[in-house]
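J.: Got a structure here, written out as structure tokens. Questions coming.
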Amino acid sequence: MPELPDILAYRHALASRIVGQPIERARAYSPFVVRSVVPPLAAAENRRVEEVGRLGKRLVLHLEGDLHLVIHLMIAGRLRWGPRKEGARPMGKIALAAFDFPNGTLTLTEASPKKRASIHLVAGREALLEHDRGGLDVRSAPLDAFREALTAENRTLKRALANPARFDGIGNAYSDEILHAARLSPVRLTRSLKPEEVARLHAAARSVLELWIERLCARFDTKFPGPGEITAFRPEFATHGKFGEPCPVCGKPIQRIRYAENETNYCAVCQNEGRLLADRALSRLLKEDWPRTLEELEGE
């Protein structure tokens, strides 16, 4: 799922292309993509885009007349920008919706058969705020506010950081990167942290997000992101998606915990004093044969 740096990269790339431009035609190709009924999607036509904003992991096109087009990409949704193609369905079957502007067409696509991406057209700021999960923006939040949000529930750090009701725009990928930078185990409980560890996590969250926002916005300053360029797996990442590869700090192999459709990546040395965390699938299968430390794992 695109997270805060990716969403801001899209916002940056869109702003220079569509702010001040009218949506001349709005087309929905999937019967499930538009989740609102009133006002109808056609109400967005012939209205200028006044601003490109966001609510958490949602992009918002603020239109004249106090209409707001909310786009939630979910896991596999992506945006594409290209020349207008009158009468044609752009991008074939993966296209869910398209918005024609005088200077090009913005297309919402989704390669997954599950079709989770969604569009809402809402009227008024009150209706727009219904889509705000209320998470804290750690880039501007002081340490006390961060501590309060972090310890509101006694959850694992991984789960707390990726909770959109607690923190704004952080998901599976950047929570891994933040925890590695903070040198904290993903399964530590939030209320077990010492004050200096909370401060370290706060600083890491800020620095990791700002680093990647700056990188991605610079990368897409003059070009629009391609479908493979908004991704949860980047070569420069320290841990996320790097299972088995060397940690950039200590050189030991990155480990993982797999669950459902997600996985947590971490460095056992940098984040957990050399101890391996139990993988739910493998540790249940191997039971007592599951290694407890990195030394045991490397000795087999």
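The values are calculated or read from the model by the stated rules, or taken from the named source; none is laboratory data. These figures come from a predicted structure and were not determined experimentally. Ideal geometry is used to build each Cβ from the backbone, glycine not excepted, and the neighbour counts take in all protein chains shown. With ligands, DNA and RNA removed, areas are computed over all heavy atoms of the protein, side chains included. Shrake-Rupley method; radii C 1.70, N 1.55, O 1.52, S 1.80 Å.
J.: State the number of residues belonging to region 85-130 that are of a type in the set (S, T, N, Q), over 22 Å from residue 223 (Cβ atoms) and exposed (fewer than 15 other Cβ atoms within 10 Å of the Cβ). Give the derivation first.
T.: Of all residues in region 85-130, those of a type in the set (S, T, N, Q) come to 103, 105, 107, 109, 112, 118.
After this cut, where a residue has to be over 22 Å from residue 223 (Cβ atoms) as well, the list is 112, 118.
Now narrow it down to the ones that are exposed (fewer than 15 other Cβ atoms within 10 Å of the Cβ): 112.
So the answer is 1.
J.: Looking at 53, 77, 20, which is the one that is crowded, with 19+ Cβ neighbours inside 10 Å and either in contact with a Pro (Cβ under 7 Å, 6 or more places away or on another chain) or under 21 Å from residue 217 (Cβ atoms) (or both)?
T.: Working: 53 fails: crowded, with 19+ Cβ neighbours inside 10 Å; 20 fails: crowded, with 19+ Cβ neighbours inside 10 Å.
Only one candidate passes the filter, namely 77.
J.: Okay, next question. Go through region 161-191 and give me each residue that's open to solvent by less than 10 Å² (accessible area, probe 1.4 Å) and assigned to a helix (DSSP H, G or I).
T.: Step one: filter region 161-191 for residues open to solvent by less than 10 Å² (accessible area, probe 1.4 Å), giving 161, 167, 169-171, 173-176, 178-179, 182, 184-186, 190.
Matches in region 161-191: 161, 173, 174, 175, 176, 178, 179, 182, 190.
J.: Among the numbered criteria (1) touching a helix residue (DSSP H, G or I) at 6+ places or on another chain (Cβ under 9 Å); (2) without any contact (Cβ under 8 Å) to a residue 60 or more places away in the chain, which single criterion is violated by residue 26?
T.: Residue 26 satisfies every listed condition except (2).
J.: Mind counting the residues in region 143-160 that are open to solvent by 50 Å² or more (accessible area, probe 1.4 Å) and assigned to a loop (DSSP other than H, G, I, E, B)?
T.: Looking only at that region, the number is 3.
J.: Now for a different question. Which residue pairs have Cβ atoms under 8 Å apart, sit 6 or more places apart or on different chains, and have a first residue in region 138-157 that is over 16 Å from residue 175 (Cβ atoms) and among the hydroxyl-bearing types (Ser, Thr, Tyr) and a second that is open to solvent by 20 Å² or more (accessible area, probe 1.4 Å) and assigned to a helix (DSSP H, G or I)?
T.: Correct list of pairs: 151/191.
J.: Got a sec? Which of 269, 249 is under 17 Å from residue 183 (Cα atoms) and either modelled with pLDDT under 50 or in a helix (DSSP H, G or I) (or both)? It would help to see each step written out before you state the result.
T.: Working: 249 fails: either modelled with pLDDT under 50 or in a helix (DSSP H, G or I) (or both).
Testing whether each residue is under 17 Å from residue 183 (Cα atoms) and either modelled with pLDDT under 50 or in a helix (DSSP H, G or I) (or both) leaves just 269.
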